[in-house]
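Have a look at the structure below, then the notes.
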């Protein structure tokens, strides 16, 4: 069989699937798992008769590879990644490459990249999206590290990646050190938002008296070829909601417990937003809703103790379906605008030099948030890389301007029916805030901070002149009021 082109460590579902994908594209793959039995089972079943070399210790794995060695880790994030890297160093030489294909925290990837670079070892933190099917048939791949490292693995990644409708491989170099894993983290944050928005629409439809199969038919229609909502998540929502519960006439969705678990990427997205001071209310609402879903006992208890009044929906269901359709699209635009704003802020802070148009291209196929909508994002940033916000893109701005009332109406009716709409509301409020030349809430809180803590405040030219007051040098003027002195004198703060 000869030497292997690449190795995969970790024989759980993603590692196995990627190894099979690589082999199907003409590569010989060496595989290893800490528990030898998993490697043995894989070799004797799915990998039998294929150009896959099972190995049972790390030296054997490294020896089975062509030089420069290329090793892809598909193991749990955190300490397992560090442990494998430390163990591999004994056998690797300058110019060899380690790829972390798990969902690692991007700051860990920055640290690992720096440490390995000092030892002459190339390293790529690589986001891989698409689940088991994507890993096997073609995922979206988001690599970040030294450009030299990406050049070494580029052909393999392009061969195994998903292909968009135009044949473009869904992989691209994201940027240095932690760029790839940060992009994957935000992909997952946006995914949380998408899932929550769809879930709130389904919850609303259920509360106005629709059955699961009726909702599934609506979602299937929304996933037709030319519909603006066409996406993988809409597709699988339609398909899964038609599934019957085993040995009964009930639908499976009506018997599934209302508890959504989560891993680290959604929380990391919110943490990064807080650190970088970027508002992402839709994505944060999705994370907090998952947290609330896990408090099942508390919710059961509170439902008995606190009765919240609600009214039945008596309007036209057909009209409401169209309102929900357009409201969901606007909410989706808002949610992506938030995620992209976070990507841009991180790009500046960490010098990732991210290209938003190229990222959107990578997300067009293979990954969980793949959608027709991403083509429009790509076009928007190719047309104007300096867009201040996705909502400013002409095509999106036109739709939002004409239809925001539908999102307002959806949130209003949902609340009247007793349906929480945290993500839909967050999307709406983000649009209302970002298009507000003056935010009275901020004016009040600025005065409050100066009153109790002498923190100072800025001024605008007046109610009809919302621009900040500047001095002769063009710098923003800052003021403080002496609240406890007679007459409350105001003074300008000079720094």
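Structure summary
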{"read-out": "Any chance residue 191 is closer than 23 Å to residue 399 by Cβ, touching a residue at least 12 places away in the same chain (Cβ under 8 Å), within 21 Å of the chain's Cα centre (by Cα) and surrounded by fewer than 19 Cβ atoms within 10 Å (Cβ to Cβ)", "value": "no"}
{"read-out": "Qualifying residue in the stretch 415-424 (condition: free of Cβ contacts under 8 Å to residues at least 12 places away in the same chain and either in the same structural domain as residue 231 (by TED's automatic domain parsing) or within 16 Å of the chain's Cα centre (by Cα) (or both))", "value": "yes"}
{"read-out": "Filter result for residue 61 (more than 20 Å from residue 141 (Cα to Cα), in contact (Cβ under 8 Å) with a residue 24 or more places away in the chain, touching a helix residue (DSSP H, G or I) at 6+ places or on another chain (Cβ under 9 Å) and in a helix (DSSP H, G or I))", "value": "yes"}
{"read-out": "From 442, 414, 423, 446, residue being assigned to a helix (DSSP H, G or I) and in contact with a strand residue (DSSP E or B) (Cβ under 8 Å, 6 or more places away or on another chain)", "value": "446"}
{"read-out": "Filter result for residue 437 (at pLDDT below 95, assigned to a strand (DSSP E or B) and under 30 Å from residue 397 (Cα atoms))", "value": "no"}
{"read-out": "Test: residue in the stretch 274-285 that is in the same structural domain as residue 332 (by TED's automatic domain parsing), without any contact (Cβ under 8 Å) to a residue 60 or more places away in the chain and closer than 28 Å to residue 216 by Cβ", "value": "no"}
{"read-out": "Helices (runs of 4 or more DSSP H) wholly inside the stretch 291-374 containing at least 3 residues that are farther than 21 Å from residue 168 by Cβ and in contact with a helix residue (DSSP H, G or I) (Cβ under 9 Å, 6 or more places away or on another chain)", "value": "317-350"}
{"read-out": "Residue 151 touching a residue at least 24 places away in the same chain (Cβ under 8 Å), surrounded by fewer than 17 Cβ atoms within 10 Å (Cβ to Cβ), assigned by TED's automatic domain parsing to the domain that holds residue 129 and part of a helix (DSSP H, G or I)", "value": "no"}
{"read-out": "Criterion violated by residue 409 - all others in (1) surrounded by 14 or more Cβ atoms within 10 Å (Cβ to Cβ); (2) not assigned by TED's automatic domain parsing to the domain that holds residue 205 satisfied", "value": "(2)"}
{"read-out": "Criterion: in the same structural domain as residue 139 (by TED's automatic domain parsing), in contact (Cβ under 8 Å) with a residue 60 or more places away in the chain and more than 32 Å from the chain's Cα centre (by Cα) - qualifying residue of 68, 54", "value": "68"}
{"read-out": "Verdict on residue 182 being surrounded by 22 or more Cβ atoms within 10 Å (Cβ to Cβ) and either outside any loop (DSSP other than H, G, I, E, B) or touching a residue at least 24 places away in the same chain (Cβ under 8 Å) (or both)", "value": "yes"}
{"read-out": "Options 428, 485; residue that is surrounded by 13 or more Cβ atoms within 10 Å (Cβ to Cβ) and either assigned by TED's automatic domain parsing to the domain that holds residue 311 or not in a helix (DSSP H, G or I) (or both)", "value": "428"}
{"read-out": "Subset of the stretch 97-107 [in a helix (DSSP H, G or I) and either within 25 Å of residue 65 (Cβ to Cβ) or out of contact with any helix residue (DSSP H, G or I) (no Cβ under 8 Å at 6 or more places or on another chain) (or both)]", "value": "107"}
{"read-out": "Among (1) over 31 Å from the mean Cα position of the chain (by Cα); (2) surrounded by 15 or more Cβ atoms within 10 Å (Cβ to Cβ); (3) in a loop (DSSP other than H, G, I, E, B), the one test that residue 48 misses", "value": "(2)"}
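The values are calculated or read from the model by the stated rules, or taken from the named source; none is laboratory data. Keep in mind the model is a prediction, meaning the values are calculated, not measured. Because the Cβ atoms are built from the backbone with ideal geometry, glycine has one as well, and the counts that use them run over all protein chains shown.
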